[in-house]
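Comments concern the structure below.
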Amino acid sequence: MTLGSLTRGRPSGSAILAVVAILGCTTGGVRGRSASEPPRTRPELTDYRETSSYADVRKFLDSLETLSLPLSFGSIGRTTEGREIPYVVASRPAVSTPEAAKRLQRPIVYVQGNIHGGEVEGKDALLALVRDLSLAPRPNVLDSIILIAVPIYNADGNERFASQSRNRTHQNGPELVGVRGNAQSLDLNRDYIKAEAPETRASLAMFNAWDPDVFVDLHATNGSYHGYALTYSPSLTPAAVFGGLYTRDSVLPVLRDRMRVRHAREVFDYGNFLTDERAVPASTAAEGWATYDARPRFGTNYYGLRGRVAILSEAYSHDPLERRITSTYAFVGEILSLVAERSESIRTLSMRASAQPLAWGRSPDSLQVVAVRSELVATPTTLDVIREELENTGDSSITEPGVPRGRRRTGRFSAVRMPVFDRFTSTMDRIPPAAYVIPPSDTAVVTLLRRHGIVVDRSDTTWSARGEAFVVDSIIAAARQFQGHRETRLQGRWERGLQTFPAGSFIVSTAQPLGTLVVYLLEPESEDGLVTWNFFDARLRKGERFAVRKVLDLSRRGRFRLPRSSTTSHQLPSRQE
Ligand SMILES: [Zn+2]
């Protein structure tokens, strides 16, 4: 008899709680026994009525740690309220450092659960998956890849348990779930550029240290009544030329087939019906299915800018918890399998993405434009999308958690042919300069760039170089606050000429592995760069030049060197170094 089946059929809530308490003690006692039963997740222990608390996750991981499995444990950092954010690295042989991981020459897959605290299935699926993969007696993906699991990323949000009807209005249980934001009420999945939350800073440090080849972010949907167990998205920003297109065209379609054939579950591109959420201008289509947003404030879009594969996973919020967990479990399992099969090509993709910018400024052929603004494509494909009919009940009762009063699901699904808006196209491309130069006073900008893993140098002399300055024509501040900001958008024109920089200026070469990210963050017209998040607001003036300048040819800066700077010019970074 499984522990899960013990709780099944118990008549009253208090009886269930009593059983759960006993079972909880039993699993807690695993530590005291030598070779023991594997731990079970809170949903498994409660017949999927409850999700794991932070303490449950810690206890589960502690139990795994006693079992001599090929796992290593750590913390990516602390939350706002000081909780350690645990991670597990699973691989055979076990590795505990990025250096050891690199020596194995395998793809590294980073899977994160619970970025939105109320979206609980990723956390519980990931715990179960780590347990099952590491306990499996036969060889499996852990012999071919390295899995880094971060099950409870937004630990503070997870702990703000309240009724699902308040914290997750569109979700079918469990009864108690956490909240979307972190303890600062920041949405962590809008924080990847500005990195204000300690959680984001911790995850950026993990990305920089481990340099995962694949990033997977686990969520549950908010909206439409569709017919899919799970919906997914690649990195949508057109600047994600390496990971984005490969994921969209070569990875996700295979996962879709495998989910259908091996798990009998339909999955599809993430989106909402236009009748639920109008993502496209009204003139384009009356009915359709549209994805969300290309900006890298969202984790999977951001990770694509780093030149890697990124996958958003959205379990269907109207499915009951057990099905959401098993769908997520199956989908992540299939991702790991496919990455294991494609080990070589995925690692090659990462290496090419990191190497390509290194030639920027040296070889005209190597230059690749970076898309800094985008829009949803206006010419969608037409596909069948499965829709569920809802009907009115005639009274104001709630038929099921997450379904509006007076409405009920019918279980009647139909495939409707409609335009599908699943991709973005660039509306503004920028050619990478050799470098961006930042004034000495903009240390907050430099701190942020370094958090992203970007290499920033400093000149200790005055110097000049041919370059471009952006003259600001208009400064457009968003009408409403968003995440504590009034987002800023600039328009203007570029002027080419000799630029002179004071001693102490910061130099950000684009010839580094994260060169695309450098361009995206520092271009003044970028739709989600540092201008957007108010890093330059204090000194923006209409008609004046923007603080950050472009240098077109860093290697020839000596030609324009001012006499005073000659003695220390060797300390300036050179593209030949
Ligand atoms: Zn979410």
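The values are calculated or read from the model by the stated rules, or taken from the named source; none is laboratory data. Computed from a prediction, not measured in an experiment: that's the story for all the values here. Heads up, the Cβs are rebuilt from the backbone with ideal geometry, glycines too, and the neighbour counts pull from every protein chain shown. Accessible surface areas use protein heavy atoms only, side chains included; no ligands, DNA or RNA. Shrake-Rupley method; radii C 1.70, N 1.55, O 1.52, S 1.80 Å.
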Next on the checklist: What are the pairs with Cβ atoms under 9 angstrom where one residue, in region 163-191, is in a helix (DSSP H, G or I) and the other, located anywhere, is within 15 Å of the ligand (Cβ to nearest atom) and acidic (D, E)? Sequence gap at least six, or different chains.
Outcome noted: L188/E199; N189/D217
Item to check | Scan of region 319-374 for residues that are at pLDDT 95 or above and in a loop (DSSP other than H, G, I, E, B), ordered by number | outcome: D319, P320, R342
Checklist entry - Within region 400-415, is even one residue open to solvent by 40 Å² or more (accessible area, probe 1.4 Å) and β-branched (V, I, T)? => result no
Item to check | R458 vs. criteria in contact with a strand residue (DSSP E or B) (Cβ under 7 Å, 6 or more places away or on another chain), buried (at least 16 other Cβ atoms within 10 Å of the Cβ) and farther than 18 Å from P524 by Cα | outcome: no
Checklist outcome for this item: Per the filter on region 123-154, residues without any contact (Cβ under 8 Å) to a residue 60 or more places away in the chain and under 19 Å from the mean Cα position of the chain (by Cα) are I146
Checklist entry - Given E375, E388, which one is of a type in the set (D, E) and open to solvent by less than 50 Å² (accessible area, probe 1.4 Å)? => result E388
Checklist entry - Has region 118-127 got at least one residue that is surrounded by 24 or more Cβ atoms within 10 Å (Cβ to Cβ) and more than 16 Å from the ligand (Cβ to nearest atom)? => result yes
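Residues V471, V455: which one is in contact (Cβ under 8 Å) with a residue 24 or more places away in the chain and not in a strand (DSSP E or B)?
V455
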Checklist outcome for this item: When region 486-513 is checked residue by residue, the ones that are in contact (Cβ under 8 Å) with a residue 60 or more places away in the chain and either farther than 19 Å from T447 by Cβ or open to solvent by 20 Å² or more (accessible area, probe 1.4 Å) (or both) are L498, Q499, T500, F501, P502, A503, S509, T510, A511, P513
Checklist outcome for this item: If we ask which residues in region 419-445 are crowded, with 19+ Cβ neighbours inside 10 Å and either of a type in the set (A, V, I, L, M) or within 25 Å of the chain's Cα centre (by Cα) (or both), their number turns out to be 12
Checklist entry - What residue, among those in region 137-162 that are crowded, with 20+ Cβ neighbours inside 10 Å and in a strand (DSSP E or B), is nearest to the ligand (Cβ to nearest atom)? => result V150
Next on the checklist: Looking at region 281-301, can you tell me whether even one residue there is in a helix (DSSP H, G or I) and either of a type outside the set (G, A, S) or modelled with pLDDT under 95 (or both)?
Outcome noted: yes
Next on the checklist: For the structure I just gave you, tell me whether P198 is more than 14 Å from the ligand (Cβ to nearest atom), crowded, with 24+ Cβ neighbours inside 10 Å and on the phi < 0 side of the Ramachandran plot.
Outcome noted: no
Next on the checklist: When you check R190 against the structure, is it more than 26 Å from Y329 (Cβ to Cβ), within 15 Å of the ligand (Cβ to nearest atom) and not aliphatic (A, V, I, L, M), yes or no?
Outcome noted: yes
Item to check | Among (1) over 19 Å from the mean Cα position of the chain (by Cα); (2) open to solvent by 10 Å² or more (accessible area, probe 1.4 Å), the one test that Y270 misses | outcome: (1)
Checklist outcome for this item: A100 vs (1) touching a Ser or Thr at 6+ places or on another chain (Cβ under 6 Å); (2) small (G, A, S); (3) within 22 Å of F207 (Cβ to Cβ); (4) more than 16 Å from the ligand (Cβ to nearest atom): all pass except (1)
Item to check | Enumeration of residues in region 462-476 that are open to solvent by 10 Å² or more (accessible area, probe 1.4 Å) and at pLDDT below 95 | outcome: T462, R466
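Taking the stated definitions as given, is A286 hydrophobic (A, V, I, L, M, F, W, C), closer than 21 Å to R409 by Cβ and away from the ligand (no atom under 16 Å from the Cβ)?
Criteria not met by A286.
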Item to check | Hits in region 201-239 (condition: away from the ligand (no atom under 16 Å from the Cβ), crowded, with 20+ Cβ neighbours inside 10 Å and of a type in the set (D, E)) | outcome: D213
Checklist outcome for this item: By residue number, the members of region 169-187 that are open to solvent by 10 Å² or more (accessible area, probe 1.4 Å) and within 16 Å of the ligand (Cβ to nearest atom) are T169, H170, N172, V179, R180, G181, S185, L186, D187
Checklist entry - Out of all the residues in region 293-335, which are within 14 Å of the ligand (Cβ to nearest atom) and open to solvent by 10 Å² or more (accessible area, probe 1.4 Å)? => result D293, F298, E314
